[in-house]
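A quick write-up on the structure given underneath.
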Amino acid sequence: MTKTERQTAIREILTGQTITSQEDLRIELGRRGYGVTQATLSRDMKELGVSRLAVGGVLQYALPMDPEAEALRPIVGAEVVGIDANESLIVIHTIPGAAHTVGEFVDLQQNRDIIGTVAGDNTLLVIPASMAKTQAVLAFLNRILQRVG
């Protein structure tokens with residue numbers, strides 16, 4: 001296990017799951033075969049720029065967004081009306097004319113569990129990589145769009 005591999009795993013975990021403590025992150029890394037000490041994990045998190053954000057009243061760890069995505073965050077938060085999902089697809093409802101902006105924001109996240117997005121005027125279709133990933137993608141979208149549910 002190299003440092004780069006371990007930090008890639010940290011990015012994947014923080015992108016796909018809600019992690020509220022370093023211990024939870026350490027345990028998840030262990031499940032993936034990366035046994036790390038708390039000190040090593042702390043250093044990795046500092047190097048990756050990981051911070052704690054309040055999302056839906058819960059403090060959780062998050063990776064920094066690239067500047068372009070960060071600029072879109074306040075706009076996107078105000079444009080999302082709702083999110084619906086079935087077993088395999090997710091639909092984000094927006095105010096009229098906003099689906100493209102929300103789609104760009106989602107695309108900038110580069111979540112490996114999302115194959116792609118298709119935007120209409122007020123509806124964004126998000127296509128998970130597999131049916132097994134739908135709930136993880138839904139949780140991810142709720143988190144990045146700062147929604148509860």
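The values are calculated or read from the model by the stated rules, or taken from the named source; none is laboratory data. Since we're looking at a predicted model, the values are computed, not measured. Heads up, the Cβs are rebuilt from the backbone with ideal geometry, glycines too, and the neighbour counts pull from every protein chain shown.
Determine whether segment 42-60 contains at least one residue that is among the β-branched types (Val, Ile, Thr), in a strand (DSSP E or B) and either touching a Phe, Trp or Tyr at 6+ places or on another chain (Cβ under 8 Å) or over 19 Å from residue 1 (Cβ atoms) (or both). Yes, segment 42-60 has at least one match. Look through 49, 16, 35, 30 and report the one residue that is under 20 Å from residue 116 (Cα atoms) and small (Gly, Ala, Ser). After ruling out the rest, the residue left standing is 16.
Taken over segment 75-120, the criterion of being touching a strand residue (DSSP E or B) at 6+ places or on another chain (Cβ under 7 Å), part of a helix (DSSP H, G or I) and among the β-branched types (Val, Ile, Thr) is satisfied by 102, 106. For residue 36, indicate whether it is under 18 Å from the mean Cα position of the chain (by Cα) and either over 23 Å from residue 146 (Cα atoms) or surrounded by 12 or more Cβ atoms within 10 Å (Cβ to Cβ) (or both). No.
Residue-level check: of (1) at pLDDT 85 or above; (2) of a type outside the set (Gly, Ala, Ser); (3) touching a Phe, Trp or Tyr at 6+ places or on another chain (Cβ under 8 Å), residue 12 misses just (3). For beta carbons closer than 6 Å, sequence separation of 6+ or different chains, a first residue in segment 75-97 that is assigned by TED's automatic domain parsing to the domain that holds residue 120 and a second that is among the small types (Gly, Ala, Ser) and surrounded by 14 or more Cβ atoms within 10 Å (Cβ to Cβ), the qualifying pairs are 79/98.
Within segment 1-55, being among the small types (Gly, Ala, Ser) and under 23 Å from residue 110 (Cα atoms) holds for 9, 16, 49, 51, 54. Looking at segment 99-127, which of its residues are polar (S, T, N, Q), within 21 Å of residue 62 (Cβ to Cβ) and surrounded by fewer than 19 Cβ atoms within 10 Å (Cβ to Cβ)? Once the filter is applied, which keeps residues that are polar (S, T, N, Q), within 21 Å of residue 62 (Cβ to Cβ) and surrounded by fewer than 19 Cβ atoms within 10 Å (Cβ to Cβ), segment 99-127 yields 101, 109, 110.
The number of residues in segment 4-30 being more than 12 Å from residue 62 (Cβ to Cβ), within 16 Å of the chain's Cα centre (by Cα) and loosely packed, with under 15 Cβ neighbours inside 10 Å comes to 1.
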